[in-house]
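Novice: There's a structure below that I have some questions on.
The values are calculated or read from the model by the stated rules, or taken from the named source; none is laboratory data. The structure presented is a predicted model; accordingly, all values stated were derived computationally and were not measured. Backbone-built Cβ (ideal geometry, glycine too); neighbour counts: all protein chains shown.
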Amino acid sequence: MTTQTQADAPHAPRRAGDRLFKGLTTAAGIVILVTLAGVGVFLTVEAIPALTASHDDLLEAIPGSATLAGYTARLVFGTALAAALALLIAMPLSIGVALFISHYAPRRLAWPLGYLIDLLAAIPSVVYGLWGIFFLAPRMTPIYAWLEDHLGFLPFFKGPASVTGRTILTAGIVLAIMVLPIATSLCREVFLQTPRLNEEAALALGATRWETVRLVVFPYARSGIVSAGMLGLGRALGETMAVALVLSVSNVVSFNLISSVNPNTIAANIALKFPESSGVAVNVLIATGLVLFVITFLINFAARAIVGRRDVAEAR
């Protein structure tokens, strides 16, 4: 008498609930892809008049800029600089706060602190912008003056220091605070998923708590930290109102972080100029939005590739 193997056994019929759930999740994925493609097609179609506009039409739409490429390049520079400053400030803080909550803080303090960090994500961006204008910027003015006096030999702090505090560095600090809850929450969850047996093994071998974190927790959470950084970068790249309120823009290319002459970002430029624009000027703004869309897509794609490659390497 032969027995039927599991591979040869007929598949059990799926329940109606399973089929419904699979259909809903598949439909949700398709909707996201269709929406993403629709946004890309809309931006491309609306940007074509700006790409094909004559020299005179561009001069009328974007005074002071002879070409669309030069105009967009300055905005891309400002966007990248503000996002880089935000990540440079936010990521070390996010990793430190997440590590404190997950491994160092007592339980009665860790959970309330985690909830407070998560609540920062619910604050509207316009509130951050107003806080940056009326609270942070005036208090940064003496710091900028000190930086000009003592570190003015560096191109980042050569001055003249802003008397209002509305600089690209102030905007970067505000963006860093906005990025902080997203990056911290993700890092915290990844740190908490580190296998407890691995940590206990390191401690049993004589490792200190910091050595355990450095040799066990960080290698395990590397891909999660990269994901947190990329999500934070996406938030910083697309932020509009906070930057538009805080930044005193001049649409220039400058690495001076404490001057009143600051580069502008793509999102803030669209928000500030769209209400009063018409004709080709609207298409120019949409074209810059298309550039931001492509940059964000490429960054997310690269992050997903990095995380996937590391996951495969760890699985081996």
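Novice: Can you name every residue in segment 280-298 that is surrounded by fewer than 16 Cβ atoms within 10 Å (Cβ to Cβ) and either in contact with an Asp or Glu (Cβ under 9 Å, 6 or more places away or on another chain) or among the aliphatic types (A, V, I, L, M) (or both)?
Specialist: Result: 294, 298.
Novice: Could you grab the pairs with beta carbons closer than 8 Å, sequence gap of 6+ or different chains, first residue in segment 185-208 and within 12 Å of residue 102 (Cβ to Cβ), second one surrounded by fewer than 20 Cβ atoms within 10 Å (Cβ to Cβ) and among the charged types (D, E, K, R)?
Specialist: 185/118
Novice: Something else about it: Among the listed residues 72, 79, 67, 44, which satisfies the condition of being loosely packed, with under 14 Cβ neighbours inside 10 Å and closer than 25 Å to residue 291 by Cα? It would help to see each step written out before you state the result.
Specialist: Numbers: 72 fails: loosely packed, with under 14 Cβ neighbours inside 10 Å; 79 fails: loosely packed, with under 14 Cβ neighbours inside 10 Å; 44 fails: loosely packed, with under 14 Cβ neighbours inside 10 Å.
Result of the check over 72, 79, 67, 44: 67.
Novice: Let me ask something additional. Pick out the one residue from 206, 159, 172 that is at positive phi and modelled with pLDDT of 85 or more.
Specialist: 206
Novice: All but one of (1) within 30 Å of residue 252 (Cβ to Cβ); (2) free of Cβ contacts under 8 Å to residues at least 40 places away in the same chain hold for residue 32, so report the exception by its number.
Specialist: (1)
Novice: Given the options 274, 293, 255, name the one that is among the aromatic types (Phe, Trp, Tyr) and in a loop (DSSP other than H, G, I, E, B).
Specialist: None of the others qualify; the one that does is 255.
Novice: Can I ask one more? Between residues in segment 111-132 that are touching a residue at least 60 places away in the same chain (Cβ under 8 Å) and residues that are surrounded by 12 or more Cβ atoms within 10 Å (Cβ to Cβ) and hydroxyl-bearing (Ser, Thr, Tyr), which pairs lie under 8 Å by C-beta distance while being six or more apart or on different chains?
Specialist: These pairs meet every condition: 114/185; 117/184; 117/185; 118/185; 121/185; 125/240; 132/170.
Novice: Taking residue 180 and the conditions (1) closer than 30 Å to residue 270 by Cα; (2) over 19 Å from the mean Cα position of the chain (by Cα), which numbered condition does it fall short on, given that it satisfies the others?
Specialist: For residue 180, the failing item is (2).
Novice: If I ask for residues that are farther than 25 Å from residue 92 by Cα, surrounded by fewer than 23 Cβ atoms within 10 Å (Cβ to Cβ) and of a type in the set (Val, Ile, Thr), which ones from segment 232-279 would you list?
Specialist: Scanning segment 232-279 gives 249, 252, 253, 261, 270.
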